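These notes concern the structure reproduced below.
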């Protein structure tokens with residue numbers, strides 16, 4: 001009888017812990033912060049409409065000391081939007097990076113070349129945990145100590161407290177968990193969530 005009770009309590013503990021973890025995954029993965037003035041604003045990967053608009057807004061609001069916006073990764077479908085603001089800010093394009101690791105590596109090299117210490121990186125909230133992981137642990141020759149502020153792209157589908165109610169958000173979270181696990185195993189990066 002005692003063994004049955006112990007097994008029951010262990011299973012109950014596992015069920016409660018799993019439920020709490022799943023319920024809080026949105027908050028765990030969303031590492032975005034309020035913007036603060038930095039050397040440059042960077043629109044990360046793909047340059048979706050929301051990411052591009054948020055990045056442009058941040059530069060226009062004075063969050064980029066250099067008045068530069070760096071678009072990293074493929075962003076060809078936003079060229080028309082970027083052209084509207086070309087006279088107001090210095091827009092730089094890097095379209096060779098094909099994944100988040102390459103994007104972060106490029107950003108660090110770019111910052112070292114320019115002598116920048118700080119950057120705002122605009123990305124989708126559930127993607128921010130992986131970006132933070134790579135920004136904190138991916139080393140680049142000649143890099144200094146950088147301060148990265150990860151800013152929410154303001155996508156309409158994200159709610160960190162109820163991500164599981166939206167199928168797109170839920171799929172995004174699942175995809176990010178797999179990508180983080182991949183980075184830990186393949187690149188030997190250990191996660192550190194501040």
* To do: Describe numerically, in nm with one decimal, the distance between label points set 7 Å from Cα along Cα→Cβ at residue 10 and at residue 161.
  => 3.7 nm
* Rg and Dmax of region 6-187, Cα atoms, in Å? -> 17.9, 69
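Taking the beta-carbon count within 10 Å as an exposure proxy, list 31, 51 from fewest neighbours to most. Mind dumping the intermediate values first?
Details: 31 21, 51 28.
If I rank by nearby Cβ atoms, fewest first, I get 31, 51.
Since every read-out is calculated from the coordinates, none of them should be taken as a lab result. Computed from a predicted model, the values in this text were never measured in an experiment. Quick reminder, even Gly has a Cβ in these numbers, built from the backbone with ideal geometry, and neighbours come from all protein chains shown.
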